[in-house]
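Asker: Before we start, here is the structure in question, set down as structure tokens.
Nothing in this text is a laboratory measurement; each read-out follows from the coordinates by a stated rule. What you are looking at is a predicted structure, and each value in this text was computed from that prediction instead of being measured. Backbone-built Cβ (ideal geometry, glycine too); neighbour counts: all protein chains shown.
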Ligand SMILES: *Cc1c(COP(=O)(O)O)cnc(C)c1O
């Protein structure tokens, strides 16, 4: 704004009002579209009636429902049972059985209760129930990230200078159809044997440059409280381990796992970060909020690593809504991962253009807190590679041309 305008308040106010109107017009189309995007809040009545139906099928109580062990022992993985809980045609049921022979499936009653009975393209259903498309994948690989070749010690994946992953289990509350570690799911659920975890801890103790340890799986919170307490305690006692992280989808697929007892354990080992994976605003439910509230009260810092999935969340309005809903429950969007080329998931893999367009529609248009980094994992363990719309148009010596979030081109100079 020019010096003249600053000196004349009535004119600068007029200018600002004009600009404010322009900004308002910019957000209106989103506000209109967003009203038809289902969220955990807008679906809460439907979820409650689905829950009643599931409870009466199992002859169970609300207390059972809130018990994560009950949820785990009542995971649905049989197409006959599924057909009693969700309308399925015989053809759909046979399809699920056929795919299930190649790729295991299981869904917690809680996650099943979020599925819209009538919509075959429901984003929860697409993540949870097998479809024939999984069998027609001539593109994907079993291990596109080369995890099998980046393990210097049992249960460890190391791909970066100062941090690593410990894989503690192959178990999950439900088996995502887009899972990047499908090859590890196998027929049975197994936690890594304690002797392997001890060897992993020895490796970390022997390598003082490791300052950040990420405990994942599978789902790290499917370890029992006792084992988690032990493992976090061991990591906490290593002086060079500055921060600990847990990778878990429990807040999304099994929020009753976040018990008071668990939170008492987690609170003992700060600084602790939990990254979870919400992929659609429908997943941001009352129960998810309760879980997030408890974790925050235990001093845990929450982040989200969404996976960009075709037909589920590869539209900018859906991603924007998701990230705004997450901020409301104090989960900070951290990454959006481009879906990997994993065998059996080709139908979910979007175009890179989709991811770039999403970031473009987030940056500037909504809170910076709602803008995660868009990541493509380079093949063969090449590592997380950030992809961004181009905002630096040119840079020659001290002269740059920038493109602003609105698409205006401006010149910028440094001394
Ligand atoms: C993703 C990942 C990490 C963590 O990466 P950040 O970018 O720090 O979140 C660490 N180790 C491995 C092997 C990973 O794949």
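Asker: Starting from the eigenvalues of the Cα gyration tensor, five times each then square-rooted, give me the equivalent ellipsoid semi-axes of the chain, largest first, whole Å.
Answerer: Values: eigenvalues 283, 162, 100 Å².
Over the Cα atoms of the chain, the semi-axes work out to 38, 29, 22 Å.
Asker: P(r) tail for the range 147-386, what percent of Cα pairs lie past 35 Å?
Answerer: Values: 2824 of 28680 pairs.
Looking at the range 147-386, the distances longer than 35 Å represent 10 percent of pairs.
Asker: Using only the alpha-carbon atoms, how far is helix 352-362 inclined from the longest principal axis of the chain? Give it as 0 to 90 degrees, nearest 10.
Answerer: Result, in degrees: 60.
Asker: Still on this structure, I have one more. Going by average Cβ density within 10 Å per residue, which order do the peptides 297-305, 165-173 take, highest to lowest? Working shown, then result.
Answerer: Numbers: 297-305: 17.9, 165-173: 23.2.
Packing order, densest peptide first, comes out as 165-173, 297-305.
Asker: Which of 362, 254, 62 moves the most in a Gaussian network model of the chain with Cα springs under 10 Å?
Answerer: Most flexible of the set in this elastic network: 62.
Asker: Measure off 7 Å from each Cα along the Cα-to-Cβ vector at residue 63 and residue 397, then give the distance between these two points in nanometres to one decimal.
Answerer: In this crude spin-label approximation the distance works out to 7.9 nm.
Asker: Compute the angle between helix 316-328 and the longest alpha-carbon principal axis of the chain, please, reported from 0 to 90 degrees and rounded to the nearest 10.
Answerer: 80 degrees
Asker: Only residues of the range 370-400 count here: report those whose backbone N is under 20 Å from the spot 7 Å along Cα→Cβ of residue 209, or say none.
Answerer: Counting only backbone N, you get 381-385.
Asker: What residues from the range 323-349 fall in the zone where the backbone N is under 15 Å from a label point 7 Å along the Cα-to-C-beta line of residue 183?
Answerer: Within reach of a label on residue 183: 340-345.
Asker: Cut-off 10 angstrom, C-alpha nodes, Gaussian network model of the chain. Which of 12, 192, 79 fluctuates the most?
Answerer: Fluctuation is largest for 12.
Asker: So how much slack lies between residue 89 and residue 367, counting 0.36 nm per residue of separation and subtracting their Cα-Cα distance, in nm?
Answerer: On the way: separation 278, 0.36 × 278 = 100.08 nm, distance 4.38 nm.
Extending this stretch completely gives an extra 95.7 nm.
Asker: While we're here: Hey, what angle do you get for helix 90-102 against the long axis of the chain, alpha-carbon based, 0 to 90 degrees rounded to 10?
Answerer: 80 degrees
Asker: Hey, with R₀ at 22 Å, roughly what FRET efficiency would residue 412 and residue 19 work out to, going by the Cβ-Cβ distance, to 0.05? Write out the running numbers ahead of the final one.
Answerer: Values: r = 21 Å, r/R0 = 0.95.
In this case the efficiency is close to 0.60.
Asker: In a Gaussian network model over the chain where Cα atoms closer than 10 Å are linked, find which of 114, 201, 31 has the largest mean-square fluctuation.
Answerer: Maximum fluctuation in the GNM of the chain, among the listed residues, is at 31.
Asker: I would also like to ask the following. Given a Förster distance of 35 angstrom, what is the FRET efficiency for residue 48 paired with residue 261, based on the Cβ-Cβ distance and rounded to 0.05? Working shown, then result.
Answerer: Values: r = 26 Å, r/R0 = 0.75.
Taking R0 as 35 Å, the efficiency between residue 48 and residue 261 is 0.85.
Asker: Can you show me the helix-derived [θ] at 222 nm for the chain, built from DSSP H runs with n ≥ 4 at -39,500 (n - 2.57) apiece and divided by the number of residues, rounded to the nearest 500. Intermediate values should be presented prior to the final figure.
Answerer: Details: 17 runs with 161 residues, N = 415.
Value at 222 nm, helices only, nearest 500: -11000 deg cm²/dmol.
Asker: Moving on. Ranking 73, 259 by Cβ neighbours within 10 Å, fewest first, what do you get? The partial results should precede the final answer.
Answerer: Details: 73 9, 259 15.
Fewest-to-most ranking of 73, 259: 73, 259.
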